[in-house]
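Below is one structure, written out as structure tokens; comments come after it.
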Amino acid sequence: MQIGVVGKTNTGKSTFFSAATMVAAEIGNRPFVTIKPNQGTAYVTAPCVHVQMGKQCMPQNSRCEAGVRLIPITLLDVAGLIEGAWQGKGLGNMFLNDLMQASALVHVLDCSGTTDAEGNPAKGYDPAKDVLFLEKEIDYWIRGILQKNWAKISKTAAASEKPWEALAQPLSGLGMSEADVKSVFEKGSFSGKPSQWSEEEQLDFAEMVRGQSKPMLIACNKMDLPGAKENLGRLQKQFPEKIFVPCCAEAELTLRKAAKAGLIEYTPGAKEFKVLGNLDERQRHALEFIQTHVLDAFGSTGVQQAINRTAFELLKLILVYPVEDQHKLVDSKGNVLPSAYLLRQGATALDLAAKVHSSFAERFVAAIDCKTGQKIGKEHALRDNDVVKIQLHN
């Protein structure tokens, strides 16, 4: 699963990416510092089931720290977008194409209003403009994908009883299945004859496709700066349907680096840290500022919360633990609760089997809910934090 980190230039995208992945990305106070997308591993975190099961886990495909399971995901830092990106301005089409495989997007927004529309330093800029700008750019880009072969698409759709099939193929690169496109058709009550759609109707369709294929969370960055808190309140009132997470990526990056250097003990997403080493006056002042103006003010730096809420609220994922021995909760090598997988809500025992190994779906017989001991079939919908034994035939 990939999560794209997006936004206009100079909002702190690369700082957010580096803070979440500890992958060095060039960071600068100028437009187009990032050209090629940076890619790194971040983690979705959740309480580990080993605490509930009373056994110490031995993770193999993930990590466990202080009772928290960390499941790796791919984070993609895409170059900053400017207005007109869908038309190719600022290499916009190239940057937008980098988002094709992202399952969801984190929009890093300068909530302090100190970055103008072109990504240059400013004062008093309204961040609400950026919320609308970024969505519009992606909507126009998706409409452009469809318009490349619109005559052929609309002709094929007109001749079919299932017009959504004609639009599914060009949208498959966005991760849209035929069922997804059909859902957009039905929710939007679109005419079965796309050839009769106006450009506005095409854009409405693209907007719904964006919502389906690229759900977006907004990380309100630079919350430690003056005016950011007031702007956040206005954004939440203006866009009540959107998810806003107060964020200070620079603080998170500072804490992660200090922890790596052994100066502090810090768990990403925590509301406090513990000083371990001797700090000089500059370091002590910086950490005190972060504790007071970020952690105490907002409960965390927001970086880990943005990733977790993207996974669990936007993508509606659940966490499931497969094992081979239902009593000892181990794999064939004796590792306790070795694997943790993120699956979509509604995923079945058969889906889990296929996730563990492609051949397991073909060899699937049944499964056992290790918490209840009950046998479950392939269509059984799994729940968050389930521990499951998969039974296979030879």
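Read the figures in this text as sums done on the coordinates, not as results from a lab. Bear in mind the structure is a predicted one, so any value in this text is a computation, not a measurement. No Cβ is skipped: glycine too gets one built from the backbone with ideal geometry, and neighbour counts run over all protein chains shown.
Kirkwood Rh and Cα-based Rg: tell me the resulting Rg over Rh for the chain, rounded to two decimals.
Across the chain, the Cα-based Rg/Rh ratio is 1.01.
Describe numerically, in nm with one decimal, the distance between label points set 7 Å from Cα along Cα→Cβ at F289 and at K316.
4.3 nm
Tell me, what ³J(HN,Hα) does each residue in segment 165-179 have, in order and in whole Hz, if you take phi through Karplus 6.51 cos²θ - 1.76 cosθ + 1.60 with θ = phi - 60° and put x for Gly and Pro?
Karplus values, whole Hz, x for Gly and Pro: 4, 5, 8, 5, 5, x, 9, 4, x, 8, x, 8, 8, 4, 5.
Going by how many other Cβ atoms sit within 10 Å of their own, how do K13, K274, K378 line up, fewest first?
K274, K378, K13
Between segment 157-181 and segment 348-394, how far is it from one alpha carbon centroid to the other, in angstrom?
31 Å
What is the packing order of peptides 105-114, 368-377, 61-70, taking the mean over residues of other C-beta atoms within 10 Å and listing the highest first?
105-114, 61-70, 368-377
Straight-line reach from K242: which lysines have Cα under 18 Å away, leaving out those fewer than 8 places along the same chain?
K129, K136, K214, K229, K316
How would you rank D77, D224, D296, going from fewest to most other Cβ atoms within 10 Å of each one's own Cβ?
D296, D224, D77
For segment 210-227, what does the Karplus curve 6.51 cos²θ - 1.76 cosθ + 1.60, with θ = phi - 60°, yield as ³J(HN,Hα) per residue in whole Hz, taken in order and with x for Gly and Pro?
4, x, 7, 9, 9, x, 10, 10, 10, 8, 7, 7, 6, 5, 7, 8, x, x
Say a paramagnetic label sat at a point 7 Å from the Cα of S160, along Cα to Cβ; which residues of segment 172-193 have their backbone N under 13 Å from it?
172, 177-183, 185, 192-193
Taking amide hydrogens as modeled 1.01 Å from N in the peptide plane, which residues meet the under 5 Å criterion relative to V68, leaving out close sequence neighbours?
C48
Grab the DSSP H runs of the chain that are 4 residues or longer, score each as -39,500 (n - 2.57), total them, divide by all residues and round the 222 nm result to the nearest 500 deg cm²/dmol.
Details: 14 runs with 137 residues, N = 394.
Per the formula, -10000 deg cm²/dmol.
Please work out whether segment 148-205 counts as rounded, prolate or oblate from its C-alpha gyration tensor, where a ≥ b ≥ c are the square roots of the eigenvalues and a/c under 1.5 means rounded, while otherwise a/b larger than b/c means prolate and anything else oblate?
Because its axes are fairly even, with a/c under 1.5, segment 148-205 counts as rounded.
Provide the per-residue ³J(HN,Hα) series for segment 244-261, in order, calculated from phi with Karplus coefficients 6.51, -1.76, 1.60 and θ = phi - 60°, each as a whole number of Hz, with x at glycine and proline positions.
10, 10, x, 8, 9, 5, 5, 5, 4, 5, 4, 5, 5, 5, 5, 5, 5, 7
I need the calculated FRET efficiency for the pair N394 and E201, taking r as the beta carbon distance and R₀ as 51 Å, to the nearest 0.05.
0.40
Near the amide H of T301, under 5 Å away, which other amide H atoms are found, from residues 5 or more places off or on another chain, if H is placed in the peptide plane?
The list, which skips near neighbours in sequence, is G269.
Is the C-alpha gyration tensor of segment 178-336 telling us rounded, prolate or oblate? Criteria: a/c under 1.5 is rounded; beyond that, a/b larger than b/c is prolate, otherwise oblate.
It is oblate, given that a/c is not under 1.5 and a/b is not larger than b/c.
Taking just the C-alpha trace of segment 318-392, give me its Rg and Dmax in Å.
Cα-based Rg and Dmax for segment 318-392 come out at 10.8, 30 Å.
Relative contact order of segment 318-392: what whole-number percent is it, with Cα pairs under 8 angstrom and at least 6 residues apart?
That works out to 39 percent.
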